[in-house]
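The values are calculated or read from the model by the stated rules, or taken from the named source; none is laboratory data. Just so it is clear, the structure is predicted and the values come from calculations on it, not from any experiment. Backbone-built Cβ (ideal geometry, glycine too); neighbour counts: all protein chains shown.
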Amino acid sequence: MSAHGNARVEMDLADDQIKVLEENFTRVSKHPDDATLMLIAAECGLSEEETAKWFKMRNAQWRKAEGLPPNLGSVKD
């Protein structure tokens, strides 16, 4: 198993795909725009839908780790 087991985020991805996704998540944006998402998807060999799904799940995982609600904007004022 990979040392990044928790980074798989319930998708069956290769280690090199996870590495690219994680690097973009950490260094580029936790919420990439459509153009950035398209580039990341192309770099990983994934569809834009799969890439968007990964970012959505990874954001929820990150927010939980940070002690935040899982969905952006879910805090009621």
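May I ask you to list the residues in region 14-67 that are acidic (Asp, Glu) and under 11 Å from the mean Cα position of the chain (by Cα)? Across region 14-67, the qualifying residues are Glu22, Glu23, Glu50.
A search for C-beta distances below 9 Å between a residue of region 9-28 that is assigned to a loop (DSSP other than H, G, I, E, B) and surrounded by 15 or more Cβ atoms within 10 Å (Cβ to Cβ) and any residue that is modelled with pLDDT under 95 and polar (S, T, N, Q), counting only pairs 6+ apart in sequence or on different chains, returns Val9/Gln61. Scanning region 60-76 turns up at least one residue that is touching a Pro at 6+ places or on another chain (Cβ under 8 Å), at pLDDT below 95, surrounded by 12 or more Cβ atoms within 10 Å (Cβ to Cβ) and not in a loop (DSSP other than H, G, I, E, B).
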